[in-house]
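Taking it in order: structure first as structure tokens, then the write-up.
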Amino acid sequence: MHLSHKSAANACTIPTVSSKTNGRTIVKVFATTGMETMSAQVEAEVMKRLNGESNHYTVEACKHTVSTFSNQNIEVQVDNVRDHVVVVLHTQTPPVSDHIVELLALLDAINNAHPRQTFVVFPYMPYSRSDRKNRPRISVMGQRLPEILNKVLNVRRVMLLEPHDPHIKQYFVPTADEVPALPLLVDYIRTQYLTQFKREDCAIVFADSSAAKRFEEVPSSLGIEPAYIYKSRLDHSESPTVKVVTGRIKDKHCLIVDDEILTGNTVLKDAAMLKEEGAATVRMLAVHGVLSDQRLTDEQLMDKLFNSPVDEFVVTDSVPLGNKVELSHGKLKVIPIAPLLGEACKRLILGESLSQLHRLAGELE
């Protein structure tokens, strides 16, 4: 049977025959296809932090080989991980469902090689928005994926970066660790915008009731007044119907804060309404920049955002952005997520608390 090979390597593999090198525990970092840049950055951050905290660990980037057979089945082979600590990174990259299968095969291969401990880290968990049966006869993959990881692949340590809905972590047993990325946006506002504008000339705008509840502490932590956009969603489309804006926004620099931006359709309507109401500028800050529309190419989508009423978009790179930054012609700004993930992974490996990460964003380097 014919098969083809593709390497999913982050860096050169250092062959090992033992779980320890000079008495040091080996930590191996894997990542699924499409995450090569992010995984190399996270691996470097984990290495830097573990070396600063302990001389008992050696961090190695690792590769796995994905073989695709003529029948389109895949097989994954990994390097030696026996009695090693393993970190597996997976985020949403196209084709999303294909890479989910790769993740499952990768974890199966790792399990078969008997690691000491395995951590799965989701900078952005695919299917996390598909977790409720809110219509008859639909799938709920947001629940099924945790079940497969737990019950079939025996994964017991999972970390989610700012999940779309915090309750998603409860589908894992034991409950997944949640790492907040919102402090990165707050720090960006403080260092980039409040050095340009007076606090009284700004407004934090919540795009819907969910964002208002979830991020309610942001305005008070920055000393900026909030404003609200009230909406209704008449069907299950991605674009809700806007109702009304409340709060003082006239002549203000409006900062819309949310957990993610997908097609951009909603924020473009919000920005148009805010400017019609007299807003001086509108900026959108979101943790996850999915930035995808099945009806448009990346070039068309970024051109739409560039020519929109939004003056600037700010996202992290929790989802690989490819050439979208260049296509935005300066309108898309990116906050690196690797320092936060590196610190979180270091704490998982050392058994330290993650709670402190809620306030450390501005101190991570």
For this session: Those residues that are free of Cβ contacts under 8 Å to residues at least 40 places away in the same chain, surrounded by 15 or more Cβ atoms within 10 Å (Cβ to Cβ) and β-branched (Val, Ile, Thr), I need them from region 182-219; list them, please.
Result: VAL218
For this session: Say whether the condition of being modelled with pLDDT under 95, part of a loop (DSSP other than H, G, I, E, B) and surrounded by fewer than 14 Cβ atoms within 10 Å (Cβ to Cβ) is met by at least one residue in region 35-54.
Result: yes
For this session: Please specify each residue of region 332-358 satisfying the condition of being farther than 21 Å from ALA286 by Cβ and either of a type in the set (Ser, Thr, Tyr) or in a strand (DSSP E or B) (or both).
Result: SER353, SER355
For this session: Out of SER355, SER318, report the one residue that is among the hydroxyl-bearing types (Ser, Thr, Tyr), modelled with pLDDT under 95 and closer than 19 Å to VAL218 by Cβ.
Result: SER355
Exercise. Consider SER67 against the criteria (1) surrounded by fewer than 20 Cβ atoms within 10 Å (Cβ to Cβ); (2) of a type outside the set (Phe, Trp, Tyr); (3) without any contact (Cβ under 8 Å) to a residue 40 or more places away in the chain; (4) not in a loop (DSSP other than H, G, I, E, B): it satisfies all of them except one. Which criterion is unmet?
Worked result: (3)
Seminar exercise, completed: Among (1) buried (at least 22 other Cβ atoms within 10 Å of the Cβ); (2) farther than 28 Å from ILE26 by Cα, PRO123 falls short only on (2)
For this session: Being in the same structural domain as ILE256 (by TED's automatic domain parsing) and not small (Gly, Ala, Ser) narrows it down to one of ASP187, ASP177, so name that one.
Result: ASP187
Exercise. Out of region 127-164, which residues are in contact with a Gly (Cβ under 8 Å, 6 or more places away or on another chain), closer than 22 Å to VAL179 by Cβ and either not small (Gly, Ala, Ser) or not assigned by TED's automatic domain parsing to the domain that holds HIS99 (or both)?
Worked result: TYR127, ARG129, ASP131
Exercise. Just wondering, is there one or more residues in region 286-307 that are small (Gly, Ala, Ser) and within 18 Å of ARG248 (Cα to Cα)?
Worked result: no
For this session: Name the single residue, out of those in region 118-139 being under 23 Å from the mean Cα position of the chain (by Cα) and β-branched (Val, Ile, Thr), that is farthest from MET38 (Cα to Cα).
Result: THR118
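The values are calculated or read from the model by the stated rules, or taken from the named source; none is laboratory data. These figures come from a predicted structure and were not determined experimentally. Don't worry about glycine lacking a Cβ; one is built from the backbone with ideal geometry, like all the others, and counts go over all protein chains shown.
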